[in-house]
Amino acid sequence: MDVQRPAGLSPAEALRSRGLRATRPRVAVLEALADLGPHRSAEEVRARIAEGPDPLPRSSVYGVLEALVGAGLVMTADAGPGRMLYELASRWHHHFVCRICGRVTDVECAGDGKPCLSPVGDVGSVDEAQVIFRGICTSCASAARAQSDPGQLRRG
C-alpha cells in the first residue's frame, strides 16, 4: 500500500489516480476527512457527512473507508479496543496513544522509507509496518506529577 497521497489533486482526481471511480460516497468521505483532520473515527466521518445534504449510512462509510485504506488514500491508527481512527494519507508515520487521555499523536519513522521496520526471518514481501506506541503523554505525565506534588506548581 502506497500512502503518499498524490499532491494537489482533488478528491475525485486522487480516487481516479488509484484506479477507483469517483463516486459521491468516496468523495464525501475524503472531503470529510480533509475537513476533520487526522485521527477520526468512522462515526465522526459519518456525522460530518450527515451535516450536508446527502448523508450516508454507517455501513457505507465503513465500506468506503476500507476501500480508501486499501487504495492508500487513507491511513488507520489502532487507538485501542474498538477505536480505529482514520486520516488522509499524506506521509508514512506511526502513532502514539496516551493511556490516560486517549490522545493520538503522530510519530515520525526512524527510517526514511516504507516499511521502516523489517521482520526477522523470511516471512515474505513486507509492504508496510505500523507501530502503535502506547504510554502516557507529556501533558498527562505533567498533570500526574503536579497532583502528586502540589508544591511543584508554586515552585515552577
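The values are calculated or read from the model by the stated rules, or taken from the named source; none is laboratory data. As the structure is a prediction and not an experimental result, all values here were calculated from the model. Backbone-built Cβ (ideal geometry, glycine too); neighbour counts: all protein chains shown.
Test residue 89 against the stated conditions and say whether it is modelled with pLDDT of 80 or more and of a type outside the set (Ser, Thr, Tyr).
Working: modelled with pLDDT of 80 or more: yes; of a type outside the set (Ser, Thr, Tyr): yes.
For residue 89, the condition - modelled with pLDDT of 80 or more and of a type outside the set (Ser, Thr, Tyr) - is met.
One line per residue, one yes/no per condition, for (1) crowded, with 16+ Cβ neighbours inside 10 Å; (2) under 20 Å from residue 136 (Cα atoms); (3) at pLDDT 95 or above; (4) outside the structural domain of residue 138 (by TED's automatic domain parsing):
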| site | (1), (2), (3), (4) |
| --- | --- |
| 45 | yes, no, yes, yes |
| 59 | no, no, yes, yes |
| 72 | yes, no, no, yes |
| 104 | yes, yes, no, no |
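What number goes with the only condition from (1) over 28 Å from residue 65 (Cβ atoms); (2) at pLDDT below 80 that residue 143 does not pass?
Here residue 143 clears every test but (2).
Please go through (1) within 30 Å of residue 125 (Cα to Cα); (2) free of Cβ contacts under 8 Å to residues at least 24 places away in the same chain for residue 67 and return the number of the only condition it doesn't satisfy.
Result: residue 67 fails condition (2) only.
Only one residue in 49, 100 is surrounded by fewer than 16 Cβ atoms within 10 Å (Cβ to Cβ) and either modelled with pLDDT under 90 or β-branched (Val, Ile, Thr) (or both). Which one?
Working: 49 fails: surrounded by fewer than 16 Cβ atoms within 10 Å (Cβ to Cβ).
Only one candidate qualifies: 100.
Filter the range 74-92 down to residues that are surrounded by 20 or more Cβ atoms within 10 Å (Cβ to Cβ) and part of a loop (DSSP other than H, G, I, E, B), then give me how many there are.
Final tally of qualifying residues: 2.
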